[in-house]
Amino acid sequence: MNKINVLPVIARHLETLSDYGEDKRSWSDYLLFLVLPAIGGVVLAWLGFGFRTDAVNGFLNAFSIFTGLLLNVLVLVFTLTSATSPLNVDVRLRRELLRQAS
């Protein structure tokens, strides 16, 4: 059952909702990322809001394309920052360029 236990993942996720560099919890992060979406979902369900099937299909297609593009960018960044990159450019120069771009 340890392979399907998601409680450690949830616990680690909640640990990320803290102020950077401090071990204090950020209540504004809890409010922004947990409370407000829950309230919004309850209000929309109470109002009977819903999407048509073709709208949901469009959203899924758009987000899948967007996810693929972001994964390609991530692979490109890892390729450019790795020391064994096939590109023949100085590693320090590549890292400096990527640091300036972000």
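Worth a mention:
- Hey, A101 open to solvent by less than 90 Å² (accessible area, probe 1.4 Å), modelled with pLDDT of 80 or more and not β-branched (V, I, T) or not: no
- Scanning region 22-61 for residues that are among the acidic types (D, E) and assigned to a loop (DSSP other than H, G, I, E, B) returns E22, D23.
- The selection criterion, being under 28 Å from L17 (Cβ atoms), free of Cβ contacts under 8 Å to residues at least 40 places away in the same chain and either among the basic types (K, R) or open to solvent by 80 Å² or more (accessible area, probe 1.4 Å) (or both), holds for L36.
- A count restricted to region 39-64 and to residues that are more than 29 Å from I10 (Cβ to Cβ) and surrounded by 10 or more Cβ atoms within 10 Å (Cβ to Cβ) stands at 4.
- Taking the conditions (1) loosely packed, with under 11 Cβ neighbours inside 10 Å; (2) charged (D, E, K, R); (3) modelled with pLDDT of 75 or more in turn, R92 satisfies each one other than (3).
- Test for G68: is it outside any helix (DSSP H, G or I), of a type outside the set (D, E, K, R) and either under 30 Å from Q100 (Cβ atoms) or in contact (Cβ under 8 Å) with a residue 24 or more places away in the chain (or both): no
The values are calculated or read from the model by the stated rules, or taken from the named source; none is laboratory data. All of these numbers come straight from a predicted model, not from anything done at the bench. Every residue, glycine among them, receives a Cβ derived from its backbone with ideal geometry; neighbour counts consider all protein chains shown. SASA here: full protein model, heavy atoms, side chains in, ligands and nucleic acids out. Shrake-Rupley method; radii C 1.70, N 1.55, O 1.52, S 1.80 Å.
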